[in-house]
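Heads up, the thing below is written out as structure tokens.
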């Protein structure tokens, strides 16, 4: 049996050293270290396709650059419409602001700030969004899949010198999926043009499924990284059913298993479904992703 | 100030009496009672349109009939593809089974059972699903919106004498939205036919948005009930931005506010966005929905 | 395999009927039903000694009467000093009040109200507490164990016609343990007299251990009910190590297993320690106790 | 308003740099950074007495050395009997081992290993504990307060060349409180000797209260650090009522506010009680302490 080795910290310690120390501990610390090991293995394994699913308002919380960096190692990216909307907003030059979870929401409403826990966004962003979609609707509406639609947004931003997740996925041709795109500010912008009489879109609901399943099906090995569960996790999980099960897995969420939802379900549950290999290397990290993800990722650089 | 009145329980007590007693208490008990009051008000208010969003694997967990009953009071229903897939499975005569969260998932995989926390589903269901979609694909693929597509499934099931959520929504013409339908067993079945060469569908990603926003926009008052957060909550929340804000709100989830996601965000946060009226009657119930929802709903009958 | 039977609710349904319906479901609903069955078995089993541990601010939250009722079935009661202090406060005629978790704490401080989530207590209670201990210190200080000390408080209150948990335990001679009594308002009141020069007490830290361990050791069977974890759970758990392991167990808490503390540890973990029998009947209910406990207890009356 | 600055990570980054980057973010990451700032301020403030409360099984989880290091900055230490028992066990040369939360507890019981989430302890430790208390009972039983009793254990260990928390507190004369000592392996060992006829102890329940309250009362400023809540938090909180309220506060726990217990109550709630200054600098970190505490502490070295 392996002994618990108490964590030692010291001045000027590197993140990688702290995470290594955590590897000697138990509880969540050990899981951070395991996640670090599995992430390194997954990224180094040439036969492995990496599926990265990100729910939660990660962009407003300041996780954009960490996500962009990780995308260099990723073969499939799935996220929420919210994250992409906030990414677009920042690509258009707007910002998110620091707030406090105890702020008076009626006051914020009067001042036209939207609150996301301890982060704020000004309603002014909507003007830039409106302009963007007003100008580019005709190009966008011809897309036949959500992926194509999102790549088109990325392309437009890229040409304008923008940076961000949409731009990165477009430029690096990282397959980007967002099945819930209608449920987002981007969806609202498209709706606004459609009801405004600018025409219908061709974006088809089931069009992207073949792409993601095909990658899962044809790769030798698969690795999954789930931030926050939600639709991104589930969409990747369902494609894993068409693989031999993921070989590597990292899940970071504070959702609980007990309420039975997919977001809080431990990765082990996926073995029954064939989504995870029973001999796969995987770990559930029960932690705020804004803490755990930078810590884990910085430790493997 | 109002005094805390300790809860008194007694033999043969009715659910409505227990919930009334909870109204004298603090912590979560008081919130159950508040939710009961708000649900009763919301359902009685003739001017109020009720938006009901259900995430989580509520159908496998045995919540189908409670949801079906509540649908009688509901003007808009939004749920996950998973719930609708499990509803379809049960409408086709298949069942879910009791399991245990500590079961050996490798064993379950060999026996071809999929685990959802302490609930199991046999892989045999997929044969019936395959048959259903094989037979009805041609009818289904013509749908132009997800709502139309789901109503079509409900119609087919209804004609076969089926019961369930899809049938109920179809028969009662309750607007039913599921923006993430591609992320579900139903999505997989459609994909299977499409890649099998049976043709493309016409289901458009943005087509339903007008319907839900139109209801929110034109109604005098709106009430929202969120089970488990996720995409159903968010999709209703975004339509509320086009109303004057919801007048009534009930949220039941065990997700936390601290991790910043929409699912765990208290309803109060919606005031800043204009999704909830600052003078609205609303309550966040931090509880497993399989406990809280039957308790609250039974108390107002 | 047992099929999931969806929960059916109806008008004028009894609590016992709702909990029975929950027995057909999965997730937390099934656990409520299991807890109801186990509680009924535990209370009916003449060979079984029932150990009831209550942490959390259950008395301020209005759970006093439910606890008092359950005490009729209980052989050992362990709770926090906080619960006993709040019980004493109510026995002295003071009240707790309804508040809101979003209240301004600085304002409350100015108005001299102490907040416990959504419950308030006036600082005026301290005057009555001071009077009580000033008057009875001499009787109390002679106690040699915490149990004797608490029984003495119960006796004084009983003679004054008081009601409550302390009175009930005294009158029914239910062994009452509170190892953390110094960590409470009662502790502060004793300290106030001691530093005021009224003499020292004889209350010995280790004196009660023999009593609780003796009951666990000599009984044929043991049942445990844990509300909220904390010191009450742990104190009972450690006495179970001297039994053959508990035969019955119910745990109600929202604390998580992942952070490794005793409060959130599932009962199953106790099997490794010999605190729970591997063939024992036990269930972990992940729920706010102010919701779950009245629901479960009302269902078995 | 302050803009959110996305976190940037890089190779060979120091922990202090990562935490600084987190300061630009929102959600939990920002709270880690705030905790780091507050901890640095608290430790540098010469007028401030630091109260450190540690619940949860932190020693088995490998947090012993982090706690020992932090003790250099601490004026009052409060912990559970469990942490001190596990510290004593390690001081006597025994170890904790790595396990897994999904292990078979019946098997572990047969192999005589006790499980604490993903950490194991061999039952062999009890022999060394028995020997220790058999040998030193006579010295220990004369202690009149729990602090004196614990210092005596620290002294014995120190003379034997032992290391650990008990030794550190004894050697550095850091006031060490543990009101729930009877609820622990150390308590059991004392009980074993008492029932074995080796005599009674003099350890008095209320004896330590004066010491801790006196420090809170007489210091110019107070700072509090709570790991995991429980009795250690509450015991410090009650002493803060006799100060002008804490000037600095850091709380690390995954317990929730909603269930109303002291462990999950945000520090803000303490303002109503006078335990926290309304203008104090404080932060609630919702995170596994084995992750957050090493991260925060390493960042200020």
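Worth a mention:
- For residues of A:63-73, the mean tally of beta carbons on other chains within 10 Å: 3
- When C:129, A:41 are sorted by how many other C-beta atoms sit within 10 angstrom of their C-beta, beginning with the fewest, the order is A:41, C:129.
- Paramagnetic label reach from residue A:72 (point 7 Å along Cα→Cβ; backbone nitrogen cut-off under 15 Å): within region A:15-54, residues A:40, A:43-44.
- For residue C:144, the label point sits 7 Å beyond Cα toward Cβ; its separations from the matching points on the remaining copies run 2.0, 9.0, 9.1 nm, from shortest to longest.
- Percent of Cα pairs exceeding the 22 Å cut-off, where the set is region B:1-159: 60 percent
- A simple spin-label model places pseudo-atoms 7 Å from Cα toward Cβ; at residue A:171 and residue B:111 they are separated by 5.3 nm.
- Here is how far apart the residue C:12 label points are across copies: 1.2, 8.0, 8.1 nm, shortest first, using a point 7 Å from Cα toward Cβ.
- Principal-axis tilt of helix A:289-300 within chain A, Cα atoms, nearest 10 degrees: 60 degrees
- Global size of region D:215-301 as Cα Rg and Dmax, reported in angstrom: 12.6, 36
- Rounded, prolate or oblate (a/c below 1.5 giving rounded, otherwise prolate when a/b exceeds b/c) for the protein assembly as shown by Cα gyration tensor: prolate
- For B:209-216, mean number of other protein chain Cβ atoms within 10 Å: 2
- For chain C, the equivalent ellipsoid built from the Cα gyration tensor has semi-axes of 34, 24, 17 Å, listed from largest to smallest.
- Cα shape, region B:144-301, gyration tensor, a/c 1.5 rule: prolate
- Average Cα contact separation per residue, region A:31-146, under 8 Å, 6 or more apart, as relative contact order %: 19 percent
- Gyration tensor (alpha-carbon) shape descriptor, region D:82-142, a/c threshold 1.5: prolate
- Helix axis angle, D:185-195 relative to chain D longest principal axis, alpha carbon, degrees: 20 degrees
- Chain A: angle of helix A:81-91 to the longest principal axis, Cα-based, in degrees nearest 10: 70 degrees
- Rg/Rh for region D:108-226, where both radii come from Cα atoms and Rh is the Kirkwood radius: 1.02
- Per residue of D:230-243, other chain Cβ atoms within 10 Å of the residue Cβ number 4 on average.
- Distance distribution note for region D:5-66: the fraction of Cα pairs above 19 angstrom is 52%.
- When you restrict to C-alpha pairs under 8 Å that are six or more residues apart and normalise by the size of region B:228-301, the relative contact order lands at 36 percent.
- Measuring r between the beta carbons of residue B:130 and residue D:20 and using R0 = 45 Å, the FRET efficiency lands at 0.25.
- Copy-to-copy label distances for residue C:106, where each label lies 7 Å from Cα along Cα-to-Cβ, are 1.9, 5.9, 6.0 nm in order of increasing length.
- Difference of contour (0.36 nm per residue) and Cα-Cα distance, residue A:104 to residue A:45: 16.3 nm
- Each DSSP beta bridge with both residues in the protein assembly as shown is either parallel or antiparallel, and the antiparallel ones are about 25%.
- Taking the centroid of alpha carbons for each part, region D:129-206 and region A:33-95 are 52 Å apart.
Read-outs throughout are calculated quantities, based only on the coordinates presented, and are distinct from any laboratory measurement. These numbers come from a predicted model, not from an experiment. Glycine also receives a Cβ, built like all others from the backbone with ideal geometry; neighbour counts cover every protein chain displayed.
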